[in-house]
């Protein structure tokens, strides 16, 4: 293992796992392990899924689904922006043709 790796022990469903972790990323790994542990406990506590392997697969599916839902859909977002832009353009009055500024002339016979 290189100098830039550490080995951390994380606990998931009452089992300890030793995991290689890049130096400086320990906090993120612990957060990931805690999130996975919470999701697996939630699934186990429903009583509908048995076996750590099945619980792990269901947790992975649930977490992946949540991740994908949180990502912006670039194609969908672009289409939404284009529709909104078209609606805004159609709702705004069209800009009048630029007209020359009227010239003001003072005449001697009109008072101010």
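The values are calculated or read from the model by the stated rules, or taken from the named source; none is laboratory data. Small disclaimer: the values here were computed from a predicted structure and weren't measured. Note: ideal-geometry Cβ built from the backbone for every residue, glycine included; neighbour counts use all protein chains shown.
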Here the residues within segment 10-50 that are touching a strand residue (DSSP E or B) at 6+ places or on another chain (Cβ under 7 Å) and within 16 Å of residue 60 (Cα to Cα) are 29, 33, 36, 37, 40
Considering only helices (runs of 4 or more DSSP H) wholly within segment 1-102, the ones with at least 1 residues that are surrounded by 13 or more Cβ atoms within 10 Å (Cβ to Cβ) and at pLDDT 90 or above are 26-46, 52-70
